Amino acid sequence: MSNEEIEWLNTAMKQTSDKRLYERYLAVRLRLEGHTFDEIGELLSRARQTISIYWQTYQTQGLSGLELDHSPGQPPKLTEEERHRLAAMLEQHVPADMGFETRYTWTLPLVAEWIKREFDVTLSVRGISAMLKRMNFSFTKATYTLAHANEETQTFFRKHTFAQLKKQVEAEQIDHLLFEDESMIRSYQALQYNWFPRGKQRKVPTYGKHEGA
């Protein structure tokens, strides 16, 4: 595996024109070749700790972690497996499912409390926010979806029935289309912002029963 990794690094080194990124790739390659952190630091005129950070970042994040828009910084406090567990929990559960009474929206303090409880790791809300964004999560609002809606019927209406109606209007076979809407006070729960995977906004089932005026 090390030989294959070295080839990847050689290719990356040839493709980059940035000297600092080249140095990071070279440091990792030298480590794979068996050099110590002290030896690499002396060759590159860098502190041993800096070389260690490059290596640990590569171990946890791969080549992408060495890119200049990713500051190596300290190694992540959560392992890859723990981050996968966190992502699955946020995607599939609300706080009430995880023992937070009458709480249905994941806020950063609640996420921090869950991480502390599950992994015994303390993270700041700012650190959690940055981590979730790197995990491709965004802070957005849920949306309603009709629990009894028939997706096939809706698709047929959009693609066929409504398309035909528009053609009749264009051909002046009918004068115009009328759309009916209504306004009333709904008894739905209020939708709040929450952390969701990008493109996977949470759907809140509703039965379309407008109890109200």
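The numbers here are math on the coordinates, done by the rules we state, and not lab data. Remember, predicted model here, so these are calculated numbers, not experimental data. Note that we place each Cβ from the backbone using ideal geometry, even for glycine, and neighbour counts take in every protein chain shown.
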If you average the alpha carbon positions of the stretch 77-118 and of the stretch 19-65, how far apart do those two centres end up, in angstrom? 34
Here the FRET efficiency for Lys133 versus Leu32, based on Cβ atoms and R0 = 30 Å and rounded to 0.05, is 0.50
What does the extension gain come out to for Glu42 and Gln173, with contour length at 0.36 nm per residue minus their alpha carbon separation? 38.9 nm
